[in-house]
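Input: a single structure, listed below in structure tokens.
The values are calculated or read from the model by the stated rules, or taken from the named source; none is laboratory data. Every value quoted in this text rests on a predicted model; they were computed, and no experiment measured them. Cβ sites come from the backbone with ideal geometry, for glycine too, and all protein chains shown count toward neighbours.
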Amino acid sequence: MEKYITAFTNAFSETVQWTWSSILFDVAWYTNYFWGLIVISLFVWVLEIVFPWRKSQSIIRKDFWLDGFYMFFNFFIFAIIISGVFQILGVLFNEIGITAKSLSIINITHWPIWAQLLVFFVVLDFVQWFTHVLLHRYNFLWRFHKVHHSVKEMGFAAHLRYHWMENIFYKPLKTFGVMILGGFEPEQAFIVHFIAIMIGHLNHANIKITWGPLKYVFNNSVMHLYHHVKALPEGRNQGINFAISLSLWDYIFKTNYVPEDSGTLEIGFPDEETFPKGFFGQLVSGFRTKKR
């Protein structure tokens, strides 16, 4: 028991220290996710102000501050809270013989760094796409994912508005993706993480982005707005456009749907009227058994 307590406290304190060091600029700038998130958010917000897609939408849109709080809660506060738990699970897995290399099917350590980063990006994005599909396909997961779909006006900060349980769902599967690569994360993986944050912000922002022919590769704000549509198209009641960073998965698996690009559609979900509007109500939402 003592080793589990030690693992928990060490992970917790290290995460707290890393976050505090980031706030004080006491870490390498390229690994400073605290200020990196702020810089990316301000940049995309300025783009929203200068090039608004839905011009009637206010600069300080509906739930702007709530979504801003969610960004820091999910990215930092909850990460600190849960870090010790995941460290304990790591200890348990090691004890039963499951290591970072147990599921390894490819060794990319000797590849050029650009190739390592590309494979890392693609594998993790597919894992997240698949997880996202599951969040829509199963009612017990959808109940938590509703928090993200409760957004009524789209903006950059909506990217990280999601229920804390989604951290629990995504983390193990992302770890599984890393294990496929032999438990290896490229030294320059921060590049992939910052690119993913930027793409996620742009996809949720009040900016019309389609990428031209590259729309079949990269997710975009037009495609993702339809992911949030309140009235799903006939025969697509379990969702559309599940892309995170790469839209190609939706085109490959035929889950894509973009009939037009006016940006005027209503977003949300059918029973949103009874859904909690505040953070604390949403914090405990999802544990009820009400069906979709």
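Anything in segment 236-253 that is touching a helix residue (DSSP H, G or I) at 6+ places or on another chain (Cβ under 7 Å) and either aliphatic (A, V, I, L, M) or not in a loop (DSSP other than H, G, I, E, B) (or both)? List them, or say none.
Within segment 236-253, the subset touching a helix residue (DSSP H, G or I) at 6+ places or on another chain (Cβ under 7 Å) is 238-249, 251.
Correct list: Ile240, Ala243, Ile244, Leu246, Leu248, Trp249, Tyr251.
Taking into account only those residues within segment 254-272 that are assigned to a loop (DSSP other than H, G, I, E, B), in contact (Cβ under 8 Å) with a residue 40 or more places away in the chain and under 21 Å from the mean Cα position of the chain (by Cα), which is surrounded by the most Cβ atoms within 10 Å (Cβ to Cβ)? Ranking the candidates gives Thr255 first.
Can you say whether Val127 is within 18 Å of the chain's Cα centre (by Cα), at pLDDT below 95 and of a type in the set (A, V, I, L, M, F, W, C), as far as the supplied structure shows? Considered against the rule, which asks whether it is within 18 Å of the chain's Cα centre (by Cα), at pLDDT below 95 and of a type in the set (A, V, I, L, M, F, W, C), Val127 comes out as yes.
Looking only at segment 239-253, decide whether some residue is among the polar types (S, T, N, Q), farther than 23 Å from Tyr70 by Cβ and surrounded by 14 or more Cβ atoms within 10 Å (Cβ to Cβ). Spell out how you get there, then give the answer.
First, the residues of segment 239-253 that are among the polar types (S, T, N, Q): 241, 245, 247.
Applying the additional criterion that residues be farther than 23 Å from Tyr70 by Cβ yields 247.
Add one more test, that the residue is surrounded by 14 or more Cβ atoms within 10 Å (Cβ to Cβ), and what stays is 247.
Within segment 239-253 (the criterion being among the polar types (S, T, N, Q), farther than 23 Å from Tyr70 by Cβ and surrounded by 14 or more Cβ atoms within 10 Å (Cβ to Cβ)), the answer is yes, since at least one residue qualifies.
In the set (1) under 20 Å from the mean Cα position of the chain (by Cα); (2) surrounded by fewer than 16 Cβ atoms within 10 Å (Cβ to Cβ); (3) not small (Gly, Ala, Ser), His224 fails one condition alone, (2). Taking first residues from segment 203-231 that are closer than 18 Å to Tyr251 by Cβ and free of Cβ contacts under 8 Å to residues at least 40 places away in the same chain and partners that are β-branched (Val, Ile, Thr) and assigned to a loop (DSSP other than H, G, I, E, B), the Cβ contacts under 7 Å between residues at least 6 apart in sequence or on separate chains come to Asn219/Ile244; Asn220/Ile209; Asn220/Thr210; Met223/Val258; Tyr226/Ile240; Tyr226/Val258; His227/Ile240.
Taken as a whole, the structure places His145 among residues that are in a helix (DSSP H, G or I) and either surrounded by fewer than 15 Cβ atoms within 10 Å (Cβ to Cβ) or within 16 Å of the chain's Cα centre (by Cα) (or both).
Condition first: surrounded by 14 or more Cβ atoms within 10 Å (Cβ to Cβ), among the aromatic types (Phe, Trp, Tyr) and closer than 17 Å to Gly155 by Cα. Now tell me which residues in segment 44-74 satisfy that. Answer for segment 44-74, where residues must be surrounded by 14 or more Cβ atoms within 10 Å (Cβ to Cβ), among the aromatic types (Phe, Trp, Tyr) and closer than 17 Å to Gly155 by Cα: Trp45, Trp53, Phe64, Phe69, Tyr70, Phe72. Within segment 235-248, residues that are under 19 Å from Ala205 (Cα atoms) sit with their Cβ atoms under 7 Å from residues that are among the charged types (D, E, K, R) and crowded, with 20+ Cβ neighbours inside 10 Å, at 6+ positions apart or across chains, in these pairs: Asn241/Asp250; Phe242/Asp250; Ala243/Asp250; Ile244/Asp125; Ser245/Asp125; Leu246/Asp125.
If you go through segment 175-207, how many residues are assigned to a helix (DSSP H, G or I), in contact with a Ser or Thr (Cβ under 8 Å, 6 or more places away or on another chain) and not aliphatic (A, V, I, L, M)? Steps first, please.
Applying the first criterion (assigned to a helix (DSSP H, G or I)) to segment 175-207 yields 175-180, 189-204.
The next check asks that each one be in contact with a Ser or Thr (Cβ under 8 Å, 6 or more places away or on another chain); those that pass are 179-180, 190, 195-196, 199-204.
Filter once more, so that each one left must be not aliphatic (A, V, I, L, M): 190, 200-201, 203-204.
Here the count works out to 5.
Within segment 1-43, being surrounded by 17 or more Cβ atoms within 10 Å (Cβ to Cβ) and of a type outside the set (Val, Ile, Thr) holds for Ala7, Phe8, Ala11, Phe12, Trp18, Ser22, Asn32, Tyr33, Phe34, Gly36, Leu37, Ser41. Checking segment 246-257 against the condition returns a match, with at least one residue being closer than 27 Å to Ser56 by Cα and either modelled with pLDDT of 95 or more or not hydroxyl-bearing (Ser, Thr, Tyr) (or both).
In the set (1) hydroxyl-bearing (Ser, Thr, Tyr); (2) in a helix (DSSP H, G or I); (3) more than 15 Å from the chain's Cα centre (by Cα), Thr210 fails one condition alone, (2).
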